[in-house]
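Worksheet for the structure shown next.
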Amino acid sequence: MSNCRYLINSCIQNQTYDILDFRTKQSSKTRSYYVRCQNSFDQTLDGENGGNRKLKILIAGGGIGGLVLALAAKHKGFEVQVFEKDLSAVRGEGQHRGPIQLVSSALAVLEAIDENVAKQIKEAGCVTGNRTTGYADGLSGEWITKFDLSSPAVSRGLPLTLVICRMALQDILLNAVGVDIMRNKSKVVDFLEDPSKVTVILEDGQQYDGDVLVGADGIWSKVRTKLFGEREAKYSTYTSYSGVTNFVPPYIDSVAYRIFLGLNQCFVATDVGNGKIQWFANHKEQPMSNDPPEGKKKRLLEKFGNWCPEVVTLIQKTPESMILRRDIYDRDMIYTWGAGRVTLLGDAAHPMQPNLGQGGCMAIEDCYQLIHELVQASESDSDVQISEEIVLALRRYANKRLWRVGIVYAASRMASKMLASYKPYIEFKTGPLAHLPTQQITHPAIPVFRAFLQICLPKFMAWITAGHGLCLKRERPRCKLQDRKQP
């Protein structure tokens, strides 16, 4: 709590964020959470709020980040247009990448933007924040460390972490944004900027003017390339297999999400609801390698066949047709996200490896901060002042997000490097001890490694869940967040 008080006091002193103030009522059976707020997220920018001119926001990319930003802009009264090169490809990518995890801080942002949309997302998702989550050894299955995602959320009146199908999430957001705002088959390939506007140029030559351009077009962002030049994405050295199986393990009521660790490989399993388990199997390999003719499942059993039963069973229970593969890429962190009237958001600005499942959550948080800064910019009286304020607003947005995003980005890369050195047992391949079983002598570095994870990881996950560094302004005075029975 002392860290939370420090951050809130810092926010007040620097006036960098709106303040979320929770009040709690408690009875013997239920606990209710209230928030006192200054005004509504749904305020408009013309007419009753002083006649401020509507800004027009152009968004390249119709993925999760682009749609959340469009929804937030729509509720603030901005004109907004989203350009997506192929919605069907986004949907296919969603199937390929599996469900998306939304931690409490990201859900709180969605609630602040549109309470009805957040309600639909929670109804369509599977809550995982109310069960055990953590890291385990891949060979033995023994827990290395567990972390609590529930207490940091409940203590702050935030919704519990959940997972949801990417395509279901996209449908909910797209319906809320409106088809009139989304332009499909519209790939942004270039932009022009002058002192009074920015113009996007589509692949078919059409041009559209606006006040702001936001590149939310993912790791292969065209907007980022036009801003900073062509730079190759970095192969993480890991390829990822994913699968969904209609199998309910006996531990489903107590364990929601578990990451099994091994040398140069890991296996992640999470409950996604409706009697299904989603899993990811990552292992070190050259990019664009080919699977054997026998298929991906046989390859996985060769790689993970000597792991604990929890891992092997999930692979065996998954049909070959439900196993997909993709190589994992990211980019080096950049500390300038835009120039002039143009900025980046989500994976276009800070693509992360999926080790922590935080890429989508960071993009959603980006949306809230960006819209907050643009609202302040729109309060200027003249076009000249607005032009200057837009540029300053985009700089403030990036500067305020860099600290939190940078920490999560560094942690995701650290998690990848951790696999390269994780060796729980000493192997004697030659000599008088070569006859000993592989899992008999624990590597001397493992107790230190486990102690480090047990101390640091729960605190880090609590920090992510609680959304430190991001203070929200909610919709209504004293709006009830949720009623949840005590376990």
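Across region 277-324, Cα-Cα pairs farther apart than 13 Å form 58% of the total. Look at where the Cα atoms of region 270-320 and of region 96-136 average out, and the two centres are 25 Å apart.
Within the P(r) computed for region 330-381, what percentage of the Cα pairs occupies the region above 12 Å? Each step should come with its number before you reach the end.
Details: 922 of 1326 pairs.
Of the Cα pairs, 70 percent sit more than 12 Å apart.
D by Stokes-Einstein for region 232-275, Kirkwood Rh over Cα pairs, 20 °C, 1.002 mPa s: 168 µm²/s. Listed by chain and number, the aspartates and glutamates placed with their C-alpha closer than 15 angstrom to that of Lys54 are Asp42, Asp46, Glu79, Asp209, Asp211, Glu373, Glu379, Asp381, Asp383, Glu389; residues fewer than eight positions away on the same chain are left out.
Sorting 457-464, 379-386 by their mean Cβ neighbour count within 10 Å, with the most densely packed peptide first, gives 457-464, 379-386. For the Cα trace of region 150-267, dividing Rg by the Kirkwood Rh returns an Rg/Rh value of 1.08. Would you please give the FRET efficiency between Glu123 and Asp180, computed as 1/(1 + (r/R0)^6) with r the Cβ-Cβ distance and R0 = 22 Å, to the nearest 0.05? Using R0 = 22 Å, I get an efficiency of 0.30. For region 257-379, evaluate the Debye formula with one uniform point scatterer on each Cα (no solvent term) and list log10 I(q)/I(0) at q = 0.12, 0.13 Å⁻¹, rounded to two decimals. Debye output, listed in q order: -0.62, -0.70. Karplus-derived 3J(HN,Hα) values for region 462-467, using 6.51 cos²θ - 1.76 cosθ + 1.60 with θ = phi - 60°, are 5, 5, 5, 4, 6, x Hz; glycine and proline are entered as x. Among 273-285, 196-208, the peptide with the highest mean count of other Cβ atoms within 10 Å heads the list, and the full ranking is 273-285, 196-208. Ligands, DNA and RNA are left out, and with a 1.4 angstrom probe the accessible area of region 152-213 is 41 Å² per residue. Multiplying the residue separation of Glu193 and Asn264 by 0.36 nm and subtracting their alpha-carbon distance yields 21.0 nm. Eigenvalues of the alpha-carbon gyration tensor of region 87-200, scaled by 5 and square-rooted, set the equivalent ellipsoid semi-axes at 34, 19, 16 angstrom, largest first. Residue-wise HN-Hα couplings along region 225-236, as the Karplus relation 6.51 cos²θ - 1.76 cosθ + 1.60 with θ = phi - 60° gives them from phi, are 4, 5, 6, 10, x, 6, 9, 6, 5, 9, 6, 6 Hz; Gly and Pro carry x.
Here is the link list: Lys74/Lys276; Lys234/Lys303; Lys187/Lys303. Which ones come out longer than 29 Å on Cα distance? Checking Cα-Cα distances, Lys74/Lys276; Lys187/Lys303 exceed 29 Å. The value given for region 95-158 is a Kirkwood hydrodynamic radius of 13.7 Å, derived from the mean inverse Cα-Cα separation.
The values are calculated or read from the model by the stated rules, or taken from the named source; none is laboratory data. In this text, all values refer to a predicted model and were calculated from it rather than measured experimentally. When we count neighbours, we look across all protein chains shown, and the Cβ atoms used for this are built from the backbone with ideal geometry, even at glycine. Just so you know, the surface numbers come from the protein's heavy atoms only, side chains and all, with ligands and any DNA or RNA stripped out. Shrake-Rupley method; radii C 1.70, N 1.55, O 1.52, S 1.80 Å.
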